[in-house]
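Engineer: My structure is below; once you've seen it, I'll send some questions.
The values are calculated or read from the model by the stated rules, or taken from the named source; none is laboratory data. Small disclaimer: the values here were computed from a predicted structure and weren't measured. Every residue, glycine among them, receives a Cβ derived from its backbone with ideal geometry; neighbour counts consider all protein chains shown.
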Amino acid sequence: MRMTRQTAQEIDREAADWAARVDRGLSPAEQLDLDGWLAGDIRRTGAFAIMRATALQTERAVALGPSFTPQDFAETSDREPSRRRLLLAGGGLVAACAAATVAGLPLWRGDRYRTRKGEVRQLALRDGSAVTLNTDSVLHVRFSDQRRELRLLQGEALFDVAHDKSRPFVVRAGETEAVAVGTSFTVRRLPGEAVQVLVREGVVEVRREDVASKPVQRLAVNMRAVSTAGAVTAATRNPVSVTQISEPELQRALAWRGGQLAFEGETLAVAAGAFSRYSDTRIIVDDPQLAREEIAGLYQATDPIGFAQSIALSLGAHAQVSEGEVRVYR
């Protein structure tokens with residue numbers, strides 16, 4: 001008996017249901033069911049990614065102003081159905097915005113997408129994949145019948161890839177290439193830094209195009225690849241190094257999806273540099289000893305002044321705010 005192909009609306013409803021269930025936490029058996037559901041249709045990965053992105057935003061619904069009332073979506077049963085209905089409403093809005101306003105152009109009239117400084121944006125791709133583009137990033141997308149190719153010219157992006165064995169999903173950042181079939185991973189390309197690939201789900205193959213033998217490094221869940229900055233020479237033995245990271249470290253690395261920056265043992269100087277990616281307001285730390293102080297916490301990425309004031313208080317220092325900068329000193 002031939003199965004009827006699901007409509008997009010049916011997939012959206014199921015994706016909203018799964019997103020609501022993920023919010024409350026999945027059992028191992030439910031996680032297997034979710035994996036099977038995602039693998040059943042290439043359109044489901046993108047729909048689910050949009051609903052999860054919507055979930056991050058609805059947790060901060062107060063930012064939408066007093067006219068936004070989640071209770072209007074509530075049903076008479078438990079929290080999960082009301083949460084699902086809210087995600088469906090929000091998910092439709094996110095998908096519509098992604099289709100109409102990416103870089104000021106309709107989604108399929110071009111293949112170049114950009115975010116401004118401080119902006120995080122979700123893109124729904126036509127194969128069912130989804131991309132979350134971090135601050136000050138530029139991405140080119142080009143699909144063919146044989147290959148899904150994306151080029152990250154600058155910045156950082158999370159790719160939730162729809163499963164399609166016949167068309168590999170390839171992300172290039174400079175000379176570094178990451179290849180996936182159906183998985184979730186980030187690629188980061190910042191000026192003066194090595195390219196980084198971080199795997200959240202599935203398996204990703206990473207290689208350097210400027211190495212004659214093109215050795216491949218296979219990354220699984222919670223693994224990070226760091227690609228050598230600059231040109232590879234004969235003396236470069238390992239152009240791509242791979243390390244295992246902890247789940248908390250993974251979550252800190254992905255905090256930007258919700259507009260936040262997470263630190264755990266980084267120096268104040270490193271944190272100040274991270275904030276410069278999201279805001280034109282500079283954090284100035286002239287004291288070398290103070291700059292080496294280690295910090296921890298979760299902060300709003302576009303609020304360098306609030307961060308500097310909070311850190312100054314915790315370190316027994318002062319924060320002086322002036323036009324375009326905030327100076328931390330003792």
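Engineer: Only one of these is small (Gly, Ala, Ser), over 19 Å from the mean Cα position of the chain (by Cα) and either at pLDDT below 95 or not assigned by TED's automatic domain parsing to the domain that holds Arg116 (or both): Ala312, Ala274. Name it.
Structural biologist: Just a single option satisfies the conditions, and that option is Ala312.
Engineer: Right, something else. Name the pairs: first residue in the range 315-326 and over 21 Å from Ala296 (Cα atoms) and in the same structural domain as Gly265 (by TED's automatic domain parsing), second residue of a type in the set (S, T, N, Q) and part of a loop (DSSP other than H, G, I, E, B), Cβ to Cβ under 7 Å, at least 6 apart or on different chains?
Structural biologist: Final answer for the pair search is Gly324/Thr281; Glu325/Thr281.
Engineer: I'm checking my understanding of the structure. Among residues of the range 188-203 that are within 16 Å of Pro239 (Cβ to Cβ) and among the β-branched types (Val, Ile, Thr), which one is surrounded by the most Cβ atoms within 10 Å (Cβ to Cβ)? Don't jump to the end; show me each part of the working.
Structural biologist: Here is the first cut: in the range 188-203, the ones within 16 Å of Pro239 (Cβ to Cβ) are 189, 193-197.
After this cut, where a residue has to be among the β-branched types (Val, Ile, Thr) as well, the list is 195, 197.
Details: Val195: 24, Val197: 26.
So the residue we want is Val197.
Engineer: If Gly273 meets every condition in (1) touching a residue at least 60 places away in the same chain (Cβ under 8 Å); (2) surrounded by fewer than 17 Cβ atoms within 10 Å (Cβ to Cβ); (3) within 19 Å of Ala157 (Cα to Cα) apart from one, which number is that one?
Structural biologist: Status for Gly273: all satisfied but (1).
Engineer: So, of the residues in the range 162-182 that are outside any strand (DSSP E or B) and hydrophobic (A, V, I, L, M, F, W, C), which turns out to be surrounded by the fewest Cβ atoms within 10 Å (Cβ to Cβ)?
Structural biologist: From the range 162-182, those outside any strand (DSSP E or B) are 162-168, 174-175, 181-182; that's our starting set.
In the following step, the residues that additionally are hydrophobic (A, V, I, L, M, F, W, C) were identified as 162, 181.
Details: Ala162: 26, Val181: 18.
The qualifying residue surrounded by the fewest Cβ atoms within 10 Å (Cβ to Cβ) is Val181.
Engineer: With respect to the numbered conditions (1) modelled with pLDDT under 95; (2) of a type in the set (Ser, Thr, Tyr); (3) outside the structural domain of Leu133 (by TED's automatic domain parsing), which one is the sole condition not fulfilled by Thr236?
Structural biologist: (3)
Engineer: In the range 162-181, which residue that is in contact with a Lys or Arg (Cβ under 8 Å, 6 or more places away or on another chain) and touching a residue at least 60 places away in the same chain (Cβ under 8 Å) is farthest from Ala39 (Cα to Cα)?
Structural biologist: Among those residues, the one meeting the criterion is Thr176.
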